[in-house]
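Report on one structure; see the data block that follows.
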Amino acid sequence: MSKGKVLTKKDCRTAAKRWLIGISTFNYETQLAPSYAFAVYPLLRKMYPDDEDFKASLLNAMRYYNTMPWISPFVMGAALGIEDDGGVESLEAVNNFKIGIMGPLAGIGDTIGWAMIPTIFGSIAASMGMQGNPLGIFLWAAFTFAFLAVRILEVEWGYNMGINVVTKLGKPITVFTEACSVLGLTVVGSLISSVVKLQTGITYTNGDVTMKVQELLDGVMPSLLPVAAVALIYYFMNKKKVKMTHMILIIIILSWIGAACGIFTA
């Protein structure tokens, strides 16, 4: 049994780095439990000088565990904080805590870590790169290294919060998720006009007067056709469940036909 907290910031960062190395350790019975056990192994050994207590803690770490890999260090840190405070008697509480929090945080991690933040920074970096601005690659590199640093620090943050993580992060996470959603939609919407290129070559002739339809559309709203095209693609993929690969083929075929008939121009 551990007596008083013994783990340090260095220990927490060691666990985070071991998690990054051992994340590929996976099985279909306990999911990411082997990765979790590998990450916390030296910390548990430090917490439990007694071999029997150490074995009990390590077996507890090998119980079913699965959450979003980028958010897992935070769960790991909070669980270590509880166990370092309560010792071997807290093992059941530690496992119950992991089971209760890994699901909700996985959903948040998938939304923010997989979708929102990479999409925002990736879209901006890609747009800059397409315009020949070399800062795009540096922006993406800065985001990658910053996110890596956050993943390493997550264990320490979770460890300091312990069981209070639920009460401390409940409302802030909700606000942060909503803010990321708004920012992501704003960035994607602004990129439509700069990245999606779609113009029509149709002209309207009445006597000696010839008018280009594209100029009329630009007068109503610039980039109207790209916005309409993206909205139509979203409708078919979201409402009609058209697969992305099929949608890409449809866009290519319609582009060929439109260009050949003079409907679309570069």
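Could you tell me whether the chain comes out rounded, prolate or oblate from its Cα gyration tensor? Rule is a ≥ b ≥ c as square roots of the eigenvalues, rounded for a/c under 1.5, then prolate if a/b exceeds b/c, otherwise oblate.
The shape class here is prolate.
Which whole-number percent is the relative contact order of the chain (Cα, under 8 Å, 6+ apart)?
For the chain, the relative contact order is 18 percent.
For labels at Val242 and Asp208 in the simple 7 Å Cα→Cβ model, what's the distance in nm?
4.5 nm
Scaled to the compact-protein estimate 2.2 N^0.38 Å, what is the alpha-carbon radius of gyration of segment 9-104, rounded to two decimal places?
It is 0.97.
Subtract the Cα-Cα distance of Met221 and Leu20 from 0.36 nm times their separation in residues, and report this length gain in nm to one decimal.
Using 0.36 nm per residue and subtracting the Cα-Cα distance, I get 67.5 nm.
Hey, could you pull the Cα Rg and Dmax for segment 199-265, both in Å?
14.6, 47
Taking the Cα centre of segment 1-62 as origin, sum charge times position over the Cβ atoms of Lys and Arg (+1) and Asp and Glu (-1), and report the length of that vector in debye to the nearest 20.
Result for segment 1-62 is approximately 480 debye, rounded to the nearest 20.
Would you mind ranking Trp140, Trp256 so that the residue whose beta carbon has the fewest other beta carbons within 10 Å leads the list?
Trp256, Trp140
In whole Hz, with x marking every Gly and Pro, tabulate ³J(HN,Hα) for segment 231-236 from phi via Karplus 6.51 cos²θ - 1.76 cosθ + 1.60, θ = phi - 60°.
Result, ordered by residue: 4, 5, 4, 4, 4, 5 Hz.
Which far-off residues, 5 or more places away or on another chain, put their amide H under 5 Å from the one on Gln199, with H placed in the peptide plane?
The answer is Thr265.
Give a residue-ordered list of calculated ³J(HN,Hα) values for segment 17-25 (Karplus: 6.51 cos²θ - 1.76 cosθ + 1.60, θ = phi - 60°; whole Hz; x for Gly, Pro).
Here the 3J(HN,Hα) series is 5, 5, 5, 4, 6, x, 4, 6, 7 Hz.
Which FRET efficiency value, to the nearest 0.05, is calculated for Asn133 and Asn164 with the Förster distance at 41 angstrom and r the Cβ-Cβ distance?
Efficiency at R0 = 41 Å is approximately 0.40.
Give me the aspartates and glutamates in straight-line cross-link reach of Lys10: C-alpha distance below 14 Å, same-chain residues under 8 apart excluded.
Counting by Cα, and skipping residues close in sequence, Lys10 has these aspartates and glutamates nearby: Glu154, Glu156.
Hey, can you rank 244-250, 44-50 by average C-beta count inside 10 Å, highest first?
44-50, 244-250
Dipole of the chain, Cα-centred, from +1 at each Lys and Arg C-beta and -1 at each Asp and Glu C-beta, to the nearest 20 debye?
It works out to roughly 280 debye.
Along the positive direction of the dipole of segment 9-104 (beta-carbon charges: Lys, Arg +1; Asp, Glu -1; about the Cα centre), which of Leu58, Leu43, Phe97 reaches farthest?
Leu43
Any idea what log10 I(q)/I(0) is at q = 0.18, 0.19 Å⁻¹ for segment 24-161, Debye with uniform C-alpha scatterers and no solvent?
-0.98, -1.05
Starting from the coordinates of the alpha-carbon atoms of segment 87-129, obtain the Kirkwood hydrodynamic radius over all distinct pairs and give the value in Å to one decimal.
In segment 87-129 this quantity evaluates to 12.7 Å.
Which of Asp208, Asp84 comes first, and how do the rest follow, when ranked by fewest Cβ neighbours within 10 Å?
The fewest-first ordering by Cβ neighbours comes to Asp208, Asp84.
For a Förster distance of 45 Å, can you work out the FRET efficiency between the beta-carbons of Ala229 and Asp85, rounded to the nearest 0.05?
After rounding to 0.05, the efficiency reads 0.20.
Every number in this text was worked out from the coordinates using simple rules, so none of it is lab data. Please read these numbers as outputs of a predicted model, since none were measured by experiment. For neighbour counting, all protein chains shown are included, and Cβ atoms are generated from backbone atoms with ideal geometry for every residue, glycine included.
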